[in-house]
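Student: Just dropping this structure here.
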Amino acid sequence: KTSIQNIYDVFLDEQMRYTETLIGDRQEPINFIIISSDDDTIIKTFLNAKWYLADKVSISSVTKTAKDAVFKEQYLKAPMTPSFWNKEPHNFGFEKPTALDNVRQRHHARFWKTNYVTEDGKQIYVGNASLDIGIKWGLTHKIEPDIDTEREILFNDLQKSGNVKDFKKEQLVKPVLGKNFSGDPFFTDGQVYIIRLTQDK
């Protein structure tokens, strides 16, 4: 692990400010930086915020997702299509059902555990949030273009968790209009929440 004084040292390489496709093309920018004592604390924070930890991709979980999509049923821990940051797939996927209450539509967020820690030894995680609004090709979700609204929904839920020690919102990249790996358009003002979590709760 590398200890850094400035949180933005994680992003000295401009590419690190964005998620990427399997072949390295830029996708949505990072819109969350979370500082946490460990993995368990960030997972518990999301659970307290009423978000579920997604199951890992497996034959059984993908089969269940497909079945529940056909019958429009809810699968609260449905696996997520991998997204990449720094050439690595996400470490944690979190999701929350919408009012539609089935696997075709869900709030979701992907997070990566970086190789960086703060000076006081806290782990730095990066991630982003978006809203699935449907399934296409039978295996991946279509996202709502306005990813900033999802950022605010997740932030508000995290505040309700009781685990947020402090936060600030800053500009990480210029406003972006782009597309993700499956061709879905998105737009964002390029801002990021930097959140420090309490030790545990």
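Student: Only residues in segment 106-130 that are part of a loop (DSSP other than H, G, I, E, B) count as the first member; pair them with residues that are open to solvent by 10 Å² or more (accessible area, probe 1.4 Å) and of a type in the set (S, T, N, Q), Cβ under 7 angstrom, at least 6 apart or cross-chain, and list the lot.
Tutor: Going by the 7 Å Cβ cut-off, the qualifying pairs are E119/S3; E119/Q5; K122/S37.
Student: Now for a separate question. What pairs come up if the first residue lies in segment 144-163 and is crowded, with 18+ Cβ neighbours inside 10 Å, the second is of a type in the set (V, I, T) and part of a helix (DSSP H, G or I), and their beta carbons are under 6 Å apart, counting only those six or more places apart or on different chains?
Tutor: From residues that are crowded, with 18+ Cβ neighbours inside 10 Å, the pairs are S161/T45; N163/T45.
Student: Being touching a helix residue (DSSP H, G or I) at 6+ places or on another chain (Cβ under 9 Å), among the basic types (K, R), under 18 Å from F94 (Cβ atoms) and open to solvent by 50 Å² or more (accessible area, probe 1.4 Å): is that true of K50 here?
Tutor: yes
Student: Which pairs have Cβ atoms under 8 Å, sit 6 or more apart or on different chains, and link a residue in segment 165-183 that is farther than 19 Å from Y193 by Cα and open to solvent by less than 90 Å² (accessible area, probe 1.4 Å) to one that is in a strand (DSSP E or B) and among the acidic types (D, E)?
Tutor: Final answer for the pair search is G178/E28; N180/E28.
The values are calculated or read from the model by the stated rules, or taken from the named source; none is laboratory data. Quantities reported herein were computed from a predicted structural model and do not represent experimental measurements. In this analysis, Cβ positions are derived from the backbone assuming ideal geometry, glycine residues included, and neighbour counts consider all displayed protein chains. Calculation scope for accessible area: heavy atoms of the full protein, side chains included, ligands and nucleic acids excluded. Shrake-Rupley method; radii C 1.70, N 1.55, O 1.52, S 1.80 Å.
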